[in-house]
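Please read the structure below before turning to the comments.
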Amino acid sequence: MAIDTNRFFLELAQAETVASRAELCIRVTGRGLPAYLVSFCQAVQALAAGRDSLASLLIEEALYRQPDFALGCVVFGDAYLERSDVRRALRWYERGRSAAPDRLDPHFGIGKTWLARGEREGSAAYEKALEAFGEMTRLAPESADGWSNVGMTLALLKRYDEAEAAYGRALSLKPMDPRLYESLGAVGIRRGNDAAAEEAYRRALQLDPASASAAVELASLYGRQGRLAEAVQALEAGAGAAHAGPDAGRLLRDLALLSLLEERPGRAATLLEEARVLSPDARTLAALAHVRLLEGNLEAAMPLLASAAERDSAPVTPFVAAWHAQLWHALPEFAKRDSAGALLLRELAQGGPADPGATGAFATGALIRRLLPDWILPEGKLDVRTDRMDGEYDTA
C-alpha cells in the first residue's frame, strides 16, 4: 500500500528523537516512497546508528533530488541538537531556512539552538533566538507558538513587560492553554508581582489540574508568603491529580517535608517513597534517609544517603552532619556492602559535624528549612488547618 506522504511528514515532525524518526522510516520502507524520501530515510537510519559520514552523503542525495525539502534539514538539525552539537544543528536549521524561508520549523530550530547557546553565551545568544522567534510571528501572526517563544526569550533577557505582552498575545490566540498561564506566572514571579503570578498559576490549574509544575510553583509562592494552609492545599490537590515526571516528584517531596513539620513521619515516608520513584534526586533521597533514621532504620538510610551524595553532595552534607554519630559508627559495616558509597559518606562526615547545632530528630526543622529556604516556616510543629484559606497557621 502506497504511503500517504502528508501523514508521514506530520508524524515525522511530531516525533521527538532521531531514534523514533528512524523507526518511522523503517515502517514506511518499501511502501512506494519517492526517491528523495528513500535516500532521506536511509540517512536518518544511518544517523541514528551513529554513521554520520554515510548519513551526510545520503541526506545530500535527498536534497539534490528535492532542493526545497526543508523538513529533512530540520530533522538533521534536531538530531544534532539532541547530541548537544549546536554548531552542526544551527547549520542544518539555517540550511532548512534557505530551502524554504516561509516554513516555521527552521526558524524555530534556529531559535531553540540559540537558546541552548544562551546558557553559556548569555544575552547575545538570546537576542539571536529572539530574532528567530520573531520571524515566526511575522510569518504566522495567528500562531500562538511564535508569540510564546518570543515571551520566553524576552523573559530570559529580563524584558518582563514585553514578555508579559507577548504571552498575552499568545493567550489571545490560545486562551485555553495552561502552559501559557504557567509561563505568565513565571514572569510575574520574576517581576515581583506575586498577585499576577498567583492568578496565572491558579488559572493554569483550573485548565489542567494535573499540572504538577503549576501546583509546585503556586505552593512555593504561598510558602514564601507564609500562607502555609494554602500551600498545603495546593500540594494536596496536585498530589491527587499529578502522576508522572520530576515536577510531580518535587510536589510529593515538598508535601512530605511539610508532613514532617506536622510530625507525621509515616505519611512523609509514603510520600517520599512515591517521590523517589518519580524523581530520585539528592534532596528526595536525603529526606527519605532522614525519615528512615527517625525510625531507627540505619540499614535503609545509609544506601539512600550514599545515592543522594553521588547525585549532589551539597544538600546531603547537612543530613550527614545531623546524624554524624550514628553514621560514623556504622560506616565500617556499610563499607562491606558498598565500599564506594561508604567512601562518599566518609568524605562528607570527615572531621565531625559541620556545626554544633541540633542533631538527630531535633534537627528536622532546620533540615527542612534548608530544603525550603525561601519559605516562612514555624520554629516548632506545623499545625495547618487546610479548611482555612486566610493563610493562618498555628505552631506548637
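Bear in mind that the values in this text are calculations on the coordinates, not laboratory data. These figures come from a predicted structure and were not determined experimentally. Positions of Cβ are backbone-derived with ideal geometry, glycine not excepted, and every protein chain shown enters the neighbour counts.
Over the chain, DSSP H runs of length four or greater, each weighted -39,500 (n - 2.57), average out per residue to a 222 nm ellipticity of -23000 deg cm²/dmol. Under a Gaussian network description of the chain, with springs only between Cα atoms under 10 Å, the residue in Gly146, Gly296, Gly188 that fluctuates furthest is Gly296. At a Cβ-Cβ separation cutoff of 4.7 angstrom, cysteine residues of the chain with no neighbouring cysteine are Cys73.
GNM on the chain, alpha-carbon springs under 10 angstrom: the most fluctuating residue among Thr359, Thr29, Thr113 is Thr29. Of all the options Ala214, Ala335, Ala186, the one that moves most in a Gaussian network model of the chain with Cα springs shorter than 10 angstrom is Ala335.
Put in line by how crowded their Cβ is, counting other Cβ atoms within 10 Å and starting with the fewest, Lys128, Lys174 read Lys174, Lys128.
Computed on the Cα trace of the chain, the radius of gyration divided by the Kirkwood hydrodynamic radius gives Rg/Rh = 1.06.
The GluC sites (Glu not before Pro) of the range 287-382 meeting both criteria, a DSSP state outside H, G, I, E and B (loop) and at most 16 other C-beta atoms within 10 angstrom of the site's C-beta, are Glu295, Glu379. Sorted ascending by nearby beta carbons within 10 Å, beginning with the fewest, Tyr160, Tyr64, Tyr80 become Tyr64, Tyr160, Tyr80. Enumerate the residues in the range 312-328 having an amide nitrogen under 12 Å from the point lying 7 Å beyond the Cα of Leu343 toward its Cβ. Under cut-off, by backbone N: nothing. Using +1 at the C-beta of Lys and Arg and -1 at the C-beta of Asp and Glu, which of Phe8, Ala308, Ala215 has the Cα lying farthest in the positive direction of the dipole of the chain? Positive-most Cα among the choices belongs to Phe8.
Here the Kirkwood formula, the inverse mean of 1/r across different C-alpha pairs, assigns the range 1-101 a hydrodynamic radius of 13.3 Å.
Can you sort Val216, Val277, Val384 so the residue with the fewest Cβ neighbours within 10 Å comes first?
Working: Val216 24, Val277 12, Val384 20.
The fewest-first ordering by Cβ neighbours comes to Val277, Val384, Val216.
With bins 5 Å wide beginning at 0, the percent of Cα pairs of the range 159-277 falling in each bin runs 2, 13, 21, 21, 17, 12, 8, 3, 2, 0. Here's the list of lysines a cross-link from Lys174 could span, going by alpha-carbon distance under 27 Å and ignoring same-chain residues fewer than 8 apart: Lys112, Lys128, Lys158.
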